[in-house]
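Have a look at the structure below, then the notes.
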Amino acid sequence: PEADTVESVVLLTPTNQTHHTDTGRFVSLRVIEAADGTVTVRSPTTANVAPPGYYMLHVVAEDVPSKAVYIRVGPT
């Protein structure tokens, strides 16, 4: 309901807890519109930016990230 407070939307790959060098991948999504309880973002344009797989999606509002929602990024 507070879509107008959204600052950013990001994708993070789940990291491997057994390897300290596995830093994962951070992908910032471009916010197109945030209003009326809806946030519209632009997806990555190539698999070089976000390779297929599972990501945690976070919405950041007022410097606080949301609880992660798992999504699958894949070819269309």
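For Glu62, the solvent-accessible surface computed with a 1.4 Å probe is close to 130 Å², ligands and nucleic acids excluded.
Mean separation of Cα pairs under 8 Å and 6+ residues apart, divided by the residue count of the chain: what relative contact order is that in percent? List each step's numbers first, then the result.
Details: 142 pairs, mean separation 25.6, N = 76.
Answer for the chain is 34 percent.
Relative to its residue count, the chain spans a Cα convex hull of 102 Å³ per residue. Once the chain from Arg72 to Asp4 is taken as fully extended at 0.36 nm per residue, the excess over their C-alpha distance is 21.9 nm. Whole-Hz Karplus values for the stretch 63-69 come out as 6, 10, x, 6, 5, 5, 10 Hz, taken residue by residue from phi with 6.51 cos²θ - 1.76 cosθ + 1.60 and θ = phi - 60°; glycine and proline positions read x.
What net charge do the residues around Glu33 carry, taking every other residue with its C-beta under 12 Å from that of Glu33, with Lys and Arg at +1 and Asp and Glu at -1?
Numbers: positive: Arg30, Arg42; negative: Asp4, Asp36.
Net charge in that neighbourhood comes out at 0.
The values are calculated or read from the model by the stated rules, or taken from the named source; none is laboratory data. What you see is a predicted model; the values in this text were computed from it and never measured. Positions of Cβ are generated from backbone atoms using ideal geometry, with glycine treated the same way; all protein chains shown enter the neighbour counts. SASA here: full protein model, heavy atoms, side chains in, ligands and nucleic acids out. Shrake-Rupley method; radii C 1.70, N 1.55, O 1.52, S 1.80 Å.
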